[in-house]
Amino acid sequence: MLRAWERPLRGSLLWLVLLCGLSAALPRAAWPQADSTNGVILGVVLDQEDRQPMPNARVGIYRVLPADSEWTMVKGALTGPDGSFRFEVPPATYRAIFNYQSYSVLVRDDVKVVAGGTIDLTVTLTPKPLQIKGVDVKGQERQSSEATSLVKQKKAEYVTDAITSEQISKSTDSNAAEALQRVTGLSVVGGRYVYVRGLGERYSSTQVNGASVGTPEPNKKVVPLDVFPSGSLDNIVVQKTYTPDQEGEFAGGVIDLNTRDRTEGKSVSQNITMGYSASVLDRKFLTYKGGGLDFLGFDDGARSYPDFFKKLAGERRVVQRGVFGGDGFTREEVQALGRSFNKTYSPERTGGKPNYSYAGSYGRGFSFLGKQVGVLAALTLSNSFTTLDRDNNAYSGTSARLTPLYLYKVAESKANVLGGAITNLSLRLSESHSIQFRGLYTRSAEDNARVMQGPNFNFGTDLVRISSLDYIQRGLFLGVLSGTHGFHALGDLQADWRASYSEAARGEPDRRESIYESDGRGGVQLSGRASIPLTRTFGDMNEYDRAAAGSLARSVHLWEGRDLKLKIGGAYRSKNRLSSFRRLGFRLGSQGRSQLDLSLPPESLIVDENIKPGFFELQEETRENDTYRASQQIRAGYGMATIPVLAKLEILAGARVEDSRQFVEAKSPFVTTVAPVDVALKDEDLLPALNATYRLSDRMNARGGYSVTVSRPELREMSPFDIYDYETGYSEIGNPEIKSTRIQNYDARWEFFPGTRELLAVSGFRKVLFQPIENVVEGSSGGYILSPRNGRDGRLRGVEIETRVGVRSIWDALDRVLPIPASSSTLDHWALNFNYCRVGSSVRVRTTTDAAGIPVFRKGPLQGQSTYALNAGIYYGASAIQGSIMLSRFGQRLAQVGAGAYPSSLPDIYEHPPTTLDMTMTKGLGSMLTLRLTAENLLNDATEFRQLGLVVRRFNIGRSYSLSLNIKG
């Protein structure tokens, strides 16, 4: 039976599908037909410097009507991947205007078209004296095109890689993290954090529309990339060599997510997807009663504190008043507080649920008061459901021999919600002045229900059963206001500015856990070993990020067409975070232990009549460091110059100065007996950079780079706050002694662009890290404790190979040396993609001290670094049918560094990722409808974490399938 909120939603989807079917059934005669008396204007747009085609150049066709006094646009479009354009127009005399970002506008007058005639134009555009850098995403050209991305990559002054929405649309990727794992040298850990060139997420930074954003994660310094729906993205650019106009926290690279921008004219698009995960249909889905807005990623208050509790104890520690008075509550008040809580602790099993999603967008460009205005609004929402069985084990011992602490089998179900909304507004005041606002809000939620059970040798029992329910909701808002202004009277001076505000929130309302253990008779009973067998945890974190940046740039003409490009700028960033957790639980008294049937489920035990003195009593377990406030301010200034040393060699050189102040205060308002912990970290860094590009030909570059960058601790890592992670089974705790890491970066790259959508590239890189930050795992009686620690030093080196090439190009190359038939135009529809990255690293981390107190260092690979990453794909694209098959494989990577008291230090834990095989197929149904089938994880490989050959964690997400319908108008 459908719940109340599901009925209108399902009804709307049915109506939408019916409308789509009617649209597809319209006869072709209903569509406007071409007028045979028209003429044609066609041609190609080329770059004046290298004579290469310019995809996505803007072309407008104008004419003057007899009654008009101004030129009126009659046709307009972007050039295709090969720089071509074609318009069918009535006979008349026209003006053609050609425009491309950073190029001078070209106007062709007196274009006379006669009935049945064809005008063929070859147009060359000249770069302006001052060009925006190669991967700058400002402007109105279509960044989603793979051809445009490669043109910008070729012209860039540093090493970059990118993936566009055109490429993402050919894959099964539903969010930014999944899309980025297909980029050369990138791998994804935990389904949400991207590692660039083997360096952990802490060594890379994330930007959205060029602006830094806060993170909704309490134990990470970067935003998890799975919160960005792929349908909201236009392109993602990964800058792999440092330039001084980027923030100094750069070692692996900068990941810049650019949201969709407005299009020329008017566009409307809607997409509906339905699917399922095989694991959900094969097994029962674990769930519990939540809130009515769970499908939107919002808890509606069903999991929040009870109103009575908020009113009485919202700002006070729950403690019973003493015999002689003092602070606290009366016995009756504590009893009433306990009775006010939801009694649900156990998940129930239901049938499987299908996955579904919706995406819609509206874009329009128009003229207002003589100014060009563009508007885009987009909305995405998806719900997915997974069920998996996994192993979760922990061990104690030494680096040579381990004995188990516990061996748990876990049944876990998860409902995931991912949504986003975009609002973009751009205003072109003139050819030299424009202002743009981009707003983004993303929402994600994970509703988890799990049961862990198995022997716990530390407890001395053959069966422990832990049931947990937790709901994690994340929200991220970002607003970016930016402007670009050109001043020709000042020697073509260009001024760019940007102001941004982001707010990241993470809520974990009412995480519930119950612990049962063997009763010695083949059953289980409420644990008497745990002091509080029924717990509840409430957590909230908010981070506010404000930033402003500005720059001035100018080109100075030298000789023979060479220009010296100068740029100076400054930036300020302020980040503030408040994280607060509160821990509560029910303690079982001696009377309850002797009088109650403890084999009953929690819902039958903590009924109101059992919540009283001597039975179940609510108790505060909040710790002194469960609340912390943190802040960071960064002030920066930089200068850089692009110097044309030779006709084909240019050097980008400069430096950035950053002043960073980080501060953390850990003190819970519910603990008054412990002094607060204050931690401060101050850094002043000079960060030089040098990039050289040698243009071997108009299609081939050789690049090199050197820079010094920094990686600072995440704010939570400086706090002694600790939190338990159910997925890993670790208690994560900060380290107030942590310091920043300094990195030296060396890069080299050769790249060749055979065609507009083709690339061959080989890159090499080397990193030297001083005081690298590594997460170290130590054993304890309850399991594992994970904390950050500075190593002594580290080294990383690697090579990347990337190939994107059409099958016809391969055939033609073979035809030159082998006696094979000539290629056919059919091969134009096929393309191959292959990239491979091999990385080796070593880092020395203090894991313990010996009997004499001398530090003992462990030498091994950097944490999270895969030995290799491989992606391969074959793509087919024709007018009506498109398809792809994609393979991804990653080598083993260090998950956690083992530590402990000498000589019993634990061995390292390694992750063995799965090999994934995905498939998509798309079929056009007329001009407005597209049907798409996707299949993911067809090989059904499992992920394993091993320690000295023993399985620590193991899980398999299973296969999933989906069918989507896209409507464009």
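Points to keep in mind about this one:
- Against the criterion of being part of a loop (DSSP other than H, G, I, E, B) and modelled with pLDDT of 95 or more, LEU646 does not qualify.
- Selection from the range 511-569 of residues that are of a type in the set (A, V, I, L, M), in contact with a Pro (Cβ under 7 Å, 6 or more places away or on another chain) and within 21 Å of ARG450 (Cα to Cα): ILE515, LEU526, LEU534
- Pick from the range 440-459, criterion within 30 Å of ASP226 (Cα to Cα) and either small (Gly, Ala, Ser) or assigned to a loop (DSSP other than H, G, I, E, B) (or both), ranking: farthest from the chain's Cα centre (by Cα): ALA449
- Taking the range 520-554 as the range and being open to solvent by less than 20 Å² (accessible area, probe 1.4 Å) and in contact with a helix residue (DSSP H, G or I) (Cβ under 7 Å, 6 or more places away or on another chain) as the test, the residues that pass are LEU526, LEU534.
- Per the listing GLU431, GLU412, the residue uniquely open to solvent by 50 Å² or more (accessible area, probe 1.4 Å), among the acidic types (Asp, Glu) and in the same structural domain as THR386 (by the TED database) is GLU431.
- Residue tally, condition within 13 Å of GLU431 (Cα to Cα) and in a strand (DSSP E or B), over the range 472-493: 5
- Elements of type helices (runs of 4 or more DSSP H) in the range 277-379, at least 1 residues being β-branched (Val, Ile, Thr), open to solvent by less than 50 Å² (accessible area, probe 1.4 Å) and farther than 26 Å from MET452 by Cα: 331-339
A quick yes/no check of all residues on (1) outside any strand (DSSP E or B); (2) basic (Lys, Arg); (3) more than 30 Å from MET921 (Cβ to Cβ); (4) in contact (Cβ under 8 Å) with a residue 40 or more places away in the chain:
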| position | (1), (2), (3), (4) |
| --- | --- |
| ILE810 | yes, no, no, no |
| LEU814 | yes, no, no, no |
| VAL817 | yes, no, yes, no |
| PRO821 | yes, no, no, no |
| LEU832 | no, no, no, yes |
| ARG838 | no, yes, yes, yes |
| SER842 | no, no, yes, yes |
| ARG846 | no, yes, yes, yes |
| ASN871 | no, no, no, yes |
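- Pairs with Cβ under 6 Å, 6+ apart, first in the range 704-720 and within 19 Å of ARG506 (Cα to Cα), second hydroxyl-bearing (Ser, Thr, Tyr) and crowded, with 24+ Cβ neighbours inside 10 Å: SER719/TYR628
- Flag if SER604 is closer than 19 Å to ARG512 by Cβ and either in the same structural domain as ASP519 (by the TED database) or not in a strand (DSSP E or B) (or both): yes
- Of all residue pairs spaced 6 or more apart or on separate chains, those with beta-carbon atoms under 9 Å, a first member in the range 572-592 that is in the same structural domain as ILE472 (by the TED database) and within 17 Å of SER340 (Cα to Cα) and a second member that is small (Gly, Ala, Ser) and part of a strand (DSSP E or B) are ARG582/GLY539.
- Positions within the range 327-367 being charged (D, E, K, R) and within 27 Å of SER232 (Cβ to Cβ), in sequence order: LYS353, ARG364
- Some residue of the range 783-800 being within 30 Å of GLN947 (Cα to Cα), touching a Leu at 6+ places or on another chain (Cβ under 9 Å), assigned by the TED database to the domain that holds ASP685 and surrounded by fewer than 18 Cβ atoms within 10 Å (Cβ to Cβ): yes
- Only one of the listed residues (ASP462, ASP496) is crowded, with 17+ Cβ neighbours inside 10 Å and assigned to a strand (DSSP E or B). That residue is ASP496.
- Unmet criterion (only one of (1) crowded, with 17+ Cβ neighbours inside 10 Å; (2) on the phi > 0 side of the Ramachandran plot) for GLY486: (2)
- Search result, residues across the range 735-780 that are part of a strand (DSSP E or B), within 30 Å of ASP698 (Cβ to Cβ) and among the aromatic types (Phe, Trp, Tyr): TYR746, TRP750, PHE752, PHE765
- Filter pass, SER763 being farther than 24 Å from PHE890 by Cα, open to solvent by less than 60 Å² (accessible area, probe 1.4 Å), under 28 Å from the mean Cα position of the chain (by Cα) and not basic (Lys, Arg): no
- One residue alone among GLY570, GLY614, GLY639 is at positive phi, open to solvent by less than 50 Å² (accessible area, probe 1.4 Å) and either of a type in the set (Phe, Trp, Tyr) or out of contact with any Asp or Glu (no Cβ under 9 Å at 6 or more places or on another chain) (or both), and that residue is GLY614.
The values are calculated or read from the model by the stated rules, or taken from the named source; none is laboratory data. All values derive from a computational prediction rather than experimental measurement. Using ideal geometry, Cβ is built from the backbone for each residue, glycine included, and neighbour counts are taken over all protein chains shown. These accessible areas exclude ligands, DNA and RNA; they are computed on the full protein's heavy atoms, side chains included. Shrake-Rupley method; radii C 1.70, N 1.55, O 1.52, S 1.80 Å.
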